[in-house]
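Questions regarding the structure given below will be posed in turn.
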Amino acid sequence: MELAGPREKIYFDPSKLKCGIVTCGGLCPGLNDVIRAIVLSLFHHYGVKNVYGFPFGYEGLAEKYGHRPLELTPQVVSRINQSGGTLLGSSRGHRT
C-alpha cells in the first residue's frame, strides 16, 4: 500500500498547472469538505495557484449553459466545510 498525502516526486511543474474540480452524481455528505481539502492540498503541498470549480457537474463544462468556472483559492474555501451541500452544485446524467 502507498501512504496518502502529497508525493515527494511529481512529474509536472505546479507553477504551470491549472486544475479543475467537477462534482457529479448528485449530492452526498461532505462534498464541501472534499473540495476544500483538494484546494488546500494543491495550494499548500504542491504550490498550485490556479484551481477552478465547474458549477453543476458536467453541465459546467458545456459552453451552451454559460456557466463560468469559479476560481477556488484558500480564502474562498476557508469556511465551506461549515456549510452543507456543495459550493459548486452537482448534476446527474449526460450533458451535451
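In a solvent-free Debye calculation with one equal scatterer on each Cα, what is log10 I(q)/I(0) for the chain at q = 0.10, 0.13 Å⁻¹, listed in the order of the q values?
Debye output, listed in q order: -0.29, -0.49.
Related question: Mind ranking 53-64, 74-85 by how tightly packed they are, going by the mean number of other C-beta atoms within 10 angstrom, highest first?
Those peptides, ordered most packed to least, come out 53-64, 74-85.
By average Cβ neighbour count within 10 Å, what is the ranking of 10-21, 31-42 from highest down?
Working: 10-21: 11.9, 31-42: 18.1.
With the highest mean Cβ count within 10 Å placed first, the list reads 31-42, 10-21.
Restricting to DSSP H runs of at least four residues, report the calculated mean residue ellipticity at 222 nm for the chain, -39500 (n - 2.57) per run over all residues, nearest 500 deg cm²/dmol. Mind showing how you got there, number by number?
Working: 2 runs with 15 residues, N = 96.
Value at 222 nm, helices only: -4000 deg cm²/dmol.
Another question about this same structure. Rounded to the nearest 10 degrees, what's the angle between the helix 31-41 long axis and the longest principal axis of the chain, both from Cα atoms, 0 to 90?
Approximately 30 degrees, to the nearest 10.
Find the accessible area per residue for the chain; the probe is 1.4 Å, ligands and nucleic acids are left out, and the unit is Å².
Each residue of the chain exposes 70 Å² on average to a 1.4 Å probe.
Here's a follow-up. Straight distance only, please: which aspartates and glutamates reach the Cα of residue 18 with their own Cα at less than 18 Å, same-chain residues fewer than 8 apart left out?
71
Please report the antiparallel percentage of DSSP beta bridges with both residues in the chain, rounded to the nearest 5. Intermediate values should be presented prior to the final figure.
Working: 2 of 8 bridges.
If we restrict to bridges inside the chain, about 25 percent are antiparallel.
The values are calculated or read from the model by the stated rules, or taken from the named source; none is laboratory data. Nothing here was measured: the structure is a model prediction, and the numbers come from that model. We place every Cβ from the backbone using ideal geometry, glycine too, and count neighbours over all the protein chains shown. These accessible areas exclude ligands, DNA and RNA; they are computed on the full protein's heavy atoms, side chains included. Shrake-Rupley method; radii C 1.70, N 1.55, O 1.52, S 1.80 Å.
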